[in-house]
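Novice: Pasting a structure here, questions to come.
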Amino acid sequence: MKYDNENIFAKILKDEIPCDKVFEDEHVLSFKDINPQAKLHILIIPKKKFIDIADFLENADEEYQSSFWSSVNKIIIKLELRDKGFQIKAHKGKDGGQEVFHFHLHLLSNS
Ligand code: 5GP
């Protein structure tokens, strides 16, 4: 499968579609899920193009992976979820329930 430059999250990254932004730095963009499954439901996406978590883990270099997870941690702290609790999910592939083929984490919390 090839990365599709016209997927929804690619368009959000290009500012072609609006999003309800929660956090942004040089590595990631995070915004509210349009169809929330918990009191808080945000998506965290790398700014670089990866189809899914497997593509990210196989092809992102160590420095980028480390920066990505560091940004995820910043979001957890910013939203004061560190001690309250949260879920992180990544869907991979059609059988894993993935609908948008730009790697993303779901961050959910009922706090
Ligand atoms: P997946 O099943 O691919 O892991 O999840 C894709 C998620 O993206 C879904 O939870 C869906 O609600 C969300 N989503 C789909 N289109 C949009 C959109 O245009 N804007 C936002 N903010 N979320 C979207």
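Novice: Across the range 1-20, what is the number of residues that are more than 14 Å from residue 45 (Cα to Cα), free of Cβ contacts under 8 Å to residues at least 60 places away in the same chain and either touching a helix residue (DSSP H, G or I) at 6+ places or on another chain (Cβ under 9 Å) or among the polar types (S, T, N, Q) (or both)?
Specialist: 4
Novice: Determine which single condition residue 52 fails, assuming it passes every other condition in (1) touching a Gly at 6+ places or on another chain (Cβ under 7 Å); (2) of a type in the set (D, E, K, R); (3) away from the ligand (no atom under 12 Å from the Cβ).
Specialist: The one condition residue 52 does not meet is (3).
Novice: Determine the pairs where a residue that is at negative phi, located within the range 21-42, has a partner that is within 14 Å of the ligand (Cβ to nearest atom) and part of a loop (DSSP other than H, G, I, E, B) with Cβ atoms under 7 Å apart, the partner being 6 or more residues away or on another chain.
Specialist: 31/19; 31/20; 32/20; 41/33; 42/33
Novice: Now for a different question. So is residue 91 part of a strand (DSSP E or B) and either modelled with pLDDT of 95 or more or within 16 Å of the ligand (Cβ to nearest atom) (or both) or not?
Specialist: Working: part of a strand (DSSP E or B): no; either modelled with pLDDT of 95 or more or within 16 Å of the ligand (Cβ to nearest atom) (or both): yes.
In short, no.
Novice: I need every pair where a residue in the range 72-96 that is under 16 Å from residue 44 (Cα atoms) has its Cβ under 9 Å from the Cβ of a residue that is exposed (fewer than 11 other Cβ atoms within 10 Å of the Cβ) and at pLDDT below 95, sequence separation at least 6 or different chains.
Specialist: none
Novice: Tell me which of these residue 33 doesn't satisfy, since it passes every other one: (1) touching a Phe, Trp or Tyr at 6+ places or on another chain (Cβ under 7 Å); (2) within 12 Å of the ligand (Cβ to nearest atom); (3) acidic (Asp, Glu).
Specialist: Every condition holds for residue 33 apart from (1).
Novice: Restricting attention to the range 26-74, which residues are surrounded by 14 or more Cβ atoms within 10 Å (Cβ to Cβ) and part of a loop (DSSP other than H, G, I, E, B)?
Specialist: 27, 33, 38, 47, 48, 49, 50, 51, 52, 60
The values are calculated or read from the model by the stated rules, or taken from the named source; none is laboratory data. These figures come from a predicted structure and were not determined experimentally. Virtual Cβ from ideal backbone geometry, glycine too; neighbours counted across all protein chains shown.
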